[in-house]
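Below is one structure, written out as structure tokens; comments come after it.
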Amino acid sequence: MDKRLNEEKVFKDPVHKYIYVQDQVIWDLINSREFQRLRRIRQLGTSFLTFHGAEHSRFSHSLGVYEITRKIISQFERNRYEDWPSGERLLCLCAALLHDVGHGPFSHSIERAFDMDHEQWSCRIVLGDTRINEVLRGVAPDFPDKVAQVIDKTYANEIVVSLISSQLDADRMDYLLRDAYFTGVNYGMFDLERILRVLRPSKGHIVVKESGMHAVEDYLMSRYQMYWQVYFHPVTRSAEILLFNIFRRARELYENGYAFGFLIEPMRQLFKRELSVSDYLKLDEAFMQMLFMQWSDEPDPILSDLCSRFLNRRLFKYSPSEEADVLRLQALRKRLDELGLDPNYYLERNDPQGLPYDVYSPGQAEVKLPILLLDAKNQLSEISVKSEIIRSINGIHKGDRLVFFPEEALQ
Ligand code: NI
């Protein structure tokens, strides 16, 4: 049931100018409760504490990924590429739109504190008792399963999976441009139109025509810049540490039988790891902010202090930390003890490698598929073999180990 709307709908978008909706199914998915919830979840978690413009939502990013996918497919159809599986159009569009529907509030910290995974939640929402599932079943009884398979990358057709999830996919292209726009940095810009023109399906892969190599280099350079300037920003990392410690402290208190002054559903279920899909869908950032507000009056001094620091942006300070920094760490620990602050919650040393970003890795080790170039003789080669620029930024891990602590520890 591939029903088109009588009249196409548009969303005004600062990155893509307009987002075009032509299918009834896409329109119904956007209007579902579960998709509308993404308006209440920020795309960049705590980055708004560093870049005040970074208030954009997962809703706008999801529409953007859908739009890039739609443009790629329409280019394939216009050029009548034989390798394009045309029957998969609607599947690609639905998976693109829904790929992040399982993101929770401040996903990075909350997932780490409670061992959750947003991709699994996306699949549970697609397959569960939800409006999204009902809309997808309207297409065909096995359609929700197919969408879930594309999201968890087990769908058999690589072309379909790699549009949504590869090292040059609609997801990354949208978030780089969108995050650059809303943070106000210029590094994330690259020539999207050019890349879309040189993509094509070939021999079961999505590949890049060799003449488009420089546009892809530019895209990877912008990724490199965005990681170090935005995603790994020390202030954002500091806010993440605070947030993670709030969740960790609350979880430990719950597990030790602490009587919370304020605890409402579905937080209790989260502590018990018994969240149903409908509980999970109640979690959004408004809920979390309300919780932090209430918890800043909890009798537990650690939980209340961490929450009030987060709400009022009294973030931890940071300084570079070398491997051999034992003496300095000991001194900081001693100072925290004197101040009555538990180093277990008020001192952290980390580097950004645990974060879900990498610039580019040519192998298939990590599920992300490599970028392939197609030359005039119809031969495929992995892009870093041909591009010196990409070889040079490949696998660079600039040392950026920092130690984080409250400002008082310096006085
Ligand atoms: Ni995404």
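Every number here is computed from the coordinates shown, using simple stated rules; none is lab data. Fair warning: this is a prediction, and the values are worked out from it, not measured in the lab. Note: ideal-geometry Cβ built from the backbone for every residue, glycine included; neighbour counts use all protein chains shown.
On a 30 Å Cα-Cα criterion, which of the cross-link pairs K146/K282; K71/K282; K3/K153; K71/K203 come out too long?
Working: K146/K282 26 Å; K71/K282 33 Å; K3/K153 26 Å; K71/K203 21 Å.
Over 30 Å apart, Cα to Cα: K71/K282.
Please give the contour-minus-distance gain from K272 to H52: 0.36 nm per residue of separation, less the Cα-Cα distance, rounded to one decimal in nm.
On the way: separation 220, 0.36 × 220 = 79.20 nm, distance 3.46 nm.
The K272-H52 span can extend by a further 75.7 nm.
Report the Cα centroid-to-centroid distance between segment 311-334 and segment 246-307 in angstrom, as an integer.
Centre-to-centre distance over Cα atoms comes out at 27 Å.
Mind checking which aspartates and glutamates have their C-alpha under 17 Å from K334, skipping anything on the same chain fewer than 8 residues away?
By straight Cα distance, K334 reaches D325, D342, E348, E407, E408.
Could you give the radius of gyration (one decimal) and Dmax (whole number) of the Cα atoms in segment 220-269, in Å?
For segment 220-269, the Cα-based Rg and Dmax read 17.0, 51 Å.
Under a cut-off of 12 Å between alpha-carbon atoms, report the aspartates and glutamates in cross-link reach of K12, not counting same-chain residues fewer than 8 places apart.
E67
Non-local amide H neighbours of K317 (under 5 Å, H modeled in plane, Pro and chain starts lacking H): which ones?
Amide H to amide H, under 5 Å and 5 or more residues apart or across chains, K317 pairs with F405, E407.
For the chain, what is the convex hull volume of its Cα atoms per residue in Å³?
Each residue corresponds to 146 Å³ of Cα convex hull volume.
Take each of the peptides 371-379, 126-134, average the number of other beta-carbon atoms within 10 Å over its residues, and list them starting from the highest.
Output ranking for 371-379, 126-134: 126-134, 371-379.
Say R0 is 30 Å: what FRET efficiency, to the nearest 0.05, do R39 and R349 get from their beta-carbon distance?
0.25
Pairwise over distinct Cα atoms, reciprocal of the mean inverse distance: report the Kirkwood radius of segment 205-354 in Å, one decimal place.
Result for segment 205-354 stands at 18.6 Å.
Distance in nm between label sites at D191 and S308, each 7 Å beyond Cα in the beta-carbon direction?
Using points 7 Å along Cα→Cβ, the separation is 5.5 nm.
For segment 1-59, which semi-axes, largest first and in whole Å, follow from the square roots of 5 times the eigenvalues of its Cα gyration tensor?
Over the Cα atoms of segment 1-59, the semi-axes work out to 28, 14, 6 Å.
How big, on average over all directions, is the shadow cast by the Cα convex hull of segment 4-184, in nm²?
Details: hull surface 43.1 nm².
One quarter of the hull surface, i.e. the mean projection, equals 10.8 nm².
Give me the aspartates and glutamates in straight-line cross-link reach of K377: C-alpha distance below 12 Å, same-chain residues under 8 apart excluded.
Straight-distance partners of K377: E210.
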